[in-house]
Amino acid sequence: MDIKFFNYSLLLLAVGAYFIPVDNVAKNSDIKDIPLVIFEKPLMYTLNDKNLSRVVDASHAVRYKSRDEMYDANILLKNNLEEKDYKVETLKAQVIIKKGDDLTLRKDVKYNRDDFINLNTDALDYNIITKVAKNSVPYDGYYYNNTIKGTNLYLDGTKNYMKSNKVHFEVEVKNKK
């Protein structure tokens, strides 16, 4: 009697499980990140309550859901801090990817702050708010007409602090006679 009861309960359980709805959640890997908007030769201005703070010029820009991509781009960031003595920071690259306040610059990157800092590299990560530039590849450039080369750059634009590995710094010394 117990074996019959057990078999009937298994049969009833199996029939009941057959009619329970199951949601098949299949991730479609064919869905690609589709651009929302494509701009040809964009020239974008960012205004704040005091003045013009940013100018972006590119050959074309693509806006996705989570990021913006700019090609052959030039970004001018104007100084809005009265205690800082520079006027403009310029970021140029063949590819710039913007996620939030973070910029990822790739291929033929040039960073300039007025005419006293010029850096050339192949990759640079820059945060617009904190004004921190980082990279892990070799770079070269000029700092107040003195040659600088190195790797693993860390440049804090608000604290005027620069750190790097494998640095070669050539200081131009003028003889006083």
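The values are calculated or read from the model by the stated rules, or taken from the named source; none is laboratory data. Owing to the predicted nature of the structure, the values given are computational and were not obtained by experimental measurement. Glycine gets a Cβ as well: all are built from the backbone with ideal geometry, and neighbour counts include every protein chain shown. Keep in mind that these areas ignore ligands, DNA and RNA; they rest on the heavy atoms of the full protein, side chains included. Shrake-Rupley method; radii C 1.70, N 1.55, O 1.52, S 1.80 Å.
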Are there any pairs, at least 6 apart or on different chains, whose C-beta atoms fall under 6 Å, with the first in the stretch 41-58 and charged (D, E, K, R) and the second open to solvent by less than 100 Å² (accessible area, probe 1.4 Å), and if so, which?
ARG54/THR46; ARG54/LEU77; ASP57/LEU43; ASP57/ASN74
I need every pair where a residue in the stretch 134-151 that is within 14 Å of MET162 (Cβ to Cβ) has its Cβ under 6 Å from the Cβ of a residue that is of a type in the set (Phe, Trp, Tyr), sequence separation at least 6 or different chains.
LYS134/TYR154; TYR144/PHE116; ILE148/PHE169
Every residue in the stretch 34-63 that is open to solvent by less than 80 Å² (accessible area, probe 1.4 Å) and over 19 Å from ALA93 (Cα atoms), please.
PRO35, VAL37, THR46, ASN48, ASN51, LEU52, SER53
State which residue is modelled with the lowest pLDDT when the search covers only the stretch 24-33 and only residues that are within 25 Å of the chain's Cα centre (by Cα) and open to solvent by 100 Å² or more (accessible area, probe 1.4 Å).
ILE31
